Amino acid sequence: MAVKNSFDQSAKPAPKKKKDVRIFWIAGIGIALLGLLVFLYKPQATIHYGVCKVYLELNEPYPEKIKYLSLEDFGDSIRIIYRKIDPFGTVSVNIASCTYLIEDGVVTPYLTAVDINGKNKSYEMEKQERIEAFNKSVPTIEAYPPDLTIPYFPLEDISEYRNLYNE
């Protein structure tokens with residue numbers, strides 16, 4: 001019996017192309033890292049928020065603890081909602097509006113006015129002499145900015161209001 005030396009090559013199945021597994025791994029790791037960055041990202045505010053925040057911390061009488069709840073930026077002014085606890089344990093939620101100086105169409109970080117809780121009551125920290133004295137320290141605040149992380153306090157859930165006073 002004779003052995004056939006050459007076989008019919010057409011009967012063999014075509015070799016399967018191996019999928020490059022490395023591309024899927026690299027893409028998966030890239031997507032996971034991007035998701036982690038989005039999850040850990042904390043939005044930052046401008047120096048205007050930092051200046052108003054420092055002004056409040058320096059001029060609020062006897063704060064035991066201050067927690068910033070909300071920030072609204074209107075361009076030439078900022079509104080901050082914050083909660084303070086005084087040494088006697090009294091909890092109060094206040095609204096501070098800081099207005100900034102505009103020079104040549106550019107908003108500078110220098111304060112022109114501060115309004116606490118509207119115009120119903122005049123506070124000591126709203127006086128123009130205090131604001132002008134504070135404005136001398138603005139270049140230092142710009143050089144060494146405070147934490148500019150935008151405060152996030154979800155008020156959609158009614159149960160969160162109870163935690164506002166318990167923290």
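Each reported figure results from applying straightforward, stated rules to the coordinates on display, with no laboratory input. Everything quoted here is computed from the prediction, not taken from an experiment. A quick note on method: Cβ atoms are made from the backbone with ideal geometry, for glycine too, and the neighbour counts reach across all protein chains shown.
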With each pseudo-label sitting 7 Å past Cα toward Cβ, what's the residue 74-residue 91 distance in nm, one decimal?
2.8
Pairs to check: 42/121; 67/121; 42/136; 65/136. Give those whose C-alpha atoms are more than 24 Å from each other in this structure.
42/121; 42/136; 65/136
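So for region 47-166, what are the equivalent ellipsoid semi-axes in whole Å, largest first, each being the square root of 5 times an eigenvalue of the Cα gyration tensor?
Equivalent-ellipsoid dimensions as semi-axes: 25, 17, 14 Å.
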Extension length gain for residue 132 and residue 147 (0.36 nm per residue less Cα distance), in nm, is 3.1 nm
